[in-house]
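Undergrad: To start, I am sharing the structure in question, which I have written as structure tokens.
Any read-out appearing in this document is the output of simple, stated calculations on the displayed coordinates, not a laboratory observation. The model shown is predicted, which means the values in this text are computed figures rather than measured ones. Note that we place each Cβ from the backbone using ideal geometry, even for glycine, and neighbour counts take in every protein chain shown.
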Amino acid sequence: MRKTQSWIASGSLALFCGYQFQMNILVISGILPNSAGTGVEMRTWHLLRTSATHSTVSLFGCCSDAAIKINVTQVGDVMDAPPTRQPKRKLLPVRLVTAVIRTIRTLAFPQVNDWSNYLNLVNRARGVISSKQCKGLRGAFWMIVSAHFIVLSHFAAIPPFAVHFVTAAFRKIRLPDNFDGTQIDAVWIEGTPAWSRGMQVAQELGVPASTPVILSAHNVEWLISSRLSMHEHTWWKRQFLRSDARIYRRFEHRVHSQAAAVIHCSEDDRQLALDLAPSANVCVVPNGVDIEYYKGSNQGCSEVPTLFYTGSYTYRPNLEAANELVKHVLPEVRRLVGRVRLILAGRNATVLNPLAADDDDIVIVDSPEDIRPVFREGWIMPVTLKSGGGTRLKILEAMSMKRTVVSTAVGAEGLPVTDGNQILIREIEQMPEVLAELIRDQQQRDRLVENAHQWVTNTMSWNACTEPIPKLLQQVINSDPQRN
């Protein structure tokens, strides 16, 4: 993953690729378009690149230098986010009394300031959970706030956390003064959490209310929280995650019902979305892989059997998967075959350093500029995911790089692969024996690799996956009765 310096484009970003333009699309994105970033960043980049081949695309939101690699001819004013002012430190008794008063006031009137103060308070309580210092006042603070949140989530229209934080980030960005929203044919909102603020931005930019709005959803968000709750052992945390899922479910039902079209990345997610909002217009644009960039061979592996896992470790399902690998899968594989190395690579991988303590054969690679050397060194990618959503680009990248993949059913969901043909699908308890067998049997690894590589090359390139997007845009615009 290349490191990029983020900035905020306060104007429009016009993307031109040498075609005669037929549509003007306003993209409002809470996600960094990045051709070599995390899964959602790469998906956003390729969706926008394809949209720009037949349209004039104006991008409003956070962007990175990787996004500018698209053929750009006009960039609006660029500015950094305003620095936050450091508050003056007060004596401990004063700070404590102030915090108590603010907490009581926020719990009594949670809806004030559009739920912002309340969600910030709950988020601080969540931080207390992970600090491992939940004793005395800290423990009481978490219990009171979480109980309030769990009860309130049943009947109050609280926005999801991600929606709140995306909205707060967008409020720091100055809207362009010279943007003519009346010329926009469709609004494209990237990421479900950006929906609320995206609709506000479109209105403030002068986009007519009759303009169709397309949502690129990436995930069924409520499902992620629901799955996380299933694997949470602490009762309070489990109830908290279920409440979060309930809030997201209500929000996604509303969003899917309002959008002119919703794009999901797999047929599984499409069915979940239709169960949530039967009247929604939901289509599938699958995740793909850059075949030329992720070009690999059977050569170059480490001499020592090496397992590897990649991902962003700010994403809790990836943290869980890494813990499962280190604590449960790796020791058992070593018992069966002897020495085995493990590479854990990706954004914010330093949080995994405690897992590698006193073990020289566990390698942590933090935010690599180029992830491909990790794939080349590894033998097998075990995808030990128990939760999450969407489809995993890491699996497609490993197949393109000619590396064997063993995955849980959750990890492989949404991908039209066949167990035993391109991939082996096993639950975590079964993985050590399967991995040991694959380490011993190079012929089986080669068979899986060749089948997977041929399938990815023929069907899962980004160009093939995103090909329907211009047609989708045209259909949405032409089907809008107010425009016709």
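Undergrad: Under the rule of -39500 (n - 2.57) per DSSP H run of 4 or more residues, summed and divided by the residues of the chain, what mean residue ellipticity at 222 nm is obtained, to the nearest 500 deg cm²/dmol? Before the final figure, lay out each step's value.
TA: Working: 18 runs with 202 residues, N = 484.
Rounded to the nearest 500, it is -12500 deg cm²/dmol.
Undergrad: Distance in nm between label sites at S210 and Q443, each 7 Å beyond Cα in the beta-carbon direction?
TA: The modelled label-to-label distance comes out at 6.9 nm.
Undergrad: Next up: How do 410-420, 217-227 rank on mean C-beta neighbours within 10 Å, highest first? Intermediate results must be reported in sequence, preceding the final value.
TA: Values: 410-420: 18.5, 217-227: 22.5.
Per-residue Cβ counts within 10 Å, averaged per peptide and sorted highest first, yield 217-227, 410-420.
Undergrad: Right, something else. Pull up all non-local amide H partners of V57: gap of 5 or more, or a different chain, and H-to-H distance under 5 Å with H placed in the peptide plane.
TA: Amide H to amide H, under 5 Å and 5 or more residues apart or across chains, V57 pairs with L15, I25.
Undergrad: Something else: Would you calculate the separation in nanometres between label points at I104 and R174, each defined as 7 Å from the Cα along the Cα-to-beta-carbon direction?
TA: 4.2
Undergrad: Could you check the simple spin-label distance between N478 and L274, using points 7 Å along Cα→Cβ, in nm with one decimal?
TA: So the two model labels end up 2.3 nm from each other.
Undergrad: Mind ordering 260-268, 457-465 by average Cβ neighbours within 10 Å, highest first? Spell out each step's value before the answer.
TA: Values: 260-268: 21.6, 457-465: 16.7.
For the peptides 260-268, 457-465, the packing ranking is 260-268, 457-465.
Undergrad: Same structure again: By how many nm would the segment from K471 to T314 grow when fully extended, if each residue of separation counts as 0.36 nm and the alpha-carbon distance is taken off? Before the final figure, lay out the partial values.
TA: Details: separation 157, 0.36 × 157 = 56.52 nm, distance 3.51 nm.
So the extension gain works out to 53.0 nm.
Undergrad: Quick one: Karplus J couplings for the range 319-324, per residue in order, coefficients 6.51, -1.76, 1.60, θ = phi - 60°, nearest Hz, x for Gly and Pro?
TA: Ordered by residue, 3J(HN,Hα) equals 4, 4, 5, 5, 5, 4 Hz.
Undergrad: Using alpha-carbon positions, what is the distance between the centroids of the range 280-356 and the range 143-173, in Å?
TA: 32
Undergrad: ³J(HN,Hα) across the range 455-461 via Karplus (A = 6.51, B = -1.76, C = 1.60, θ = phi - 60°), whole Hz, x for Gly/Pro?
TA: Result, rounded to whole Hz: 5, 4, 4, 7, 10, 10, 6.
Undergrad: Give the aspartates and glutamates reachable from K471 as a straight Cα distance under 16 Å; neighbours fewer than 8 places away on the same chain don't count.
TA: D185, D480
Undergrad: If you don't mind, there's one more thing I want to ask. Please go through the residue pairs K295/K327; K295/K394; K295/K402 and name each one whose alpha carbons sit more than 20 Å apart in this structure.
TA: Working: K295/K327 32 Å; K295/K394 14 Å; K295/K402 8 Å.
The pairs that break the limit, which is 20 Å between Cα atoms, are K295/K327.
Undergrad: Taking amide hydrogens as modeled 1.01 Å from N in the peptide plane, which residues meet the under 5 Å criterion relative to H218, leaving out close sequence neighbours?
TA: Amide H neighbours of H218, under 5 Å, 5+ apart: C265.
Undergrad: Which whole-Hz couplings ³J(HN,Hα) result when phi for each residue of the range 373-388 is put into the Karplus expression 6.51 cos²θ - 1.76 cosθ + 1.60, θ = phi - 60°, listed in order with x for Gly and Pro?
TA: Karplus values, whole Hz, x for Gly and Pro: x, 5, 4, 5, 6, x, 9, 9, 9, x, 9, 9, 6, 10, 8, x.
Undergrad: Also, quick follow-up: By how many nm would the segment from N421 to E369 lengthen if fully extended, with 0.36 nm per residue of separation less the alpha-carbon distance? Don't skip to the end; give the middle numbers.
TA: On the way: separation 52, 0.36 × 52 = 18.72 nm, distance 3.20 nm.
Going from the current span to full extension adds 15.5 nm.
Undergrad: If you take the charge dipole of the range 161-258 about its Cα centre, with +1 on Lys and Arg Cβ and -1 on Asp and Glu Cβ, which of S196, H164, S226 is farthest toward its positive end?
TA: Value: S226.
Undergrad: Straight-line reach from K237: which aspartates and glutamates have a Cα under 20 Å away, not including same-chain ones fewer than 8 places off?
TA: By straight Cα distance, K237 reaches E221, E320, E324.
Undergrad: Follow-up question, since we're still on this one. Given a Förster distance of 25 Å, report the FRET efficiency between E332 and M230 from their Cβ-Cβ distance, rounded to the nearest 0.05.
TA: Details: r = 23 Å, r/R0 = 0.92.
Step by step, r from the Cβ atoms, then E = 0.60.
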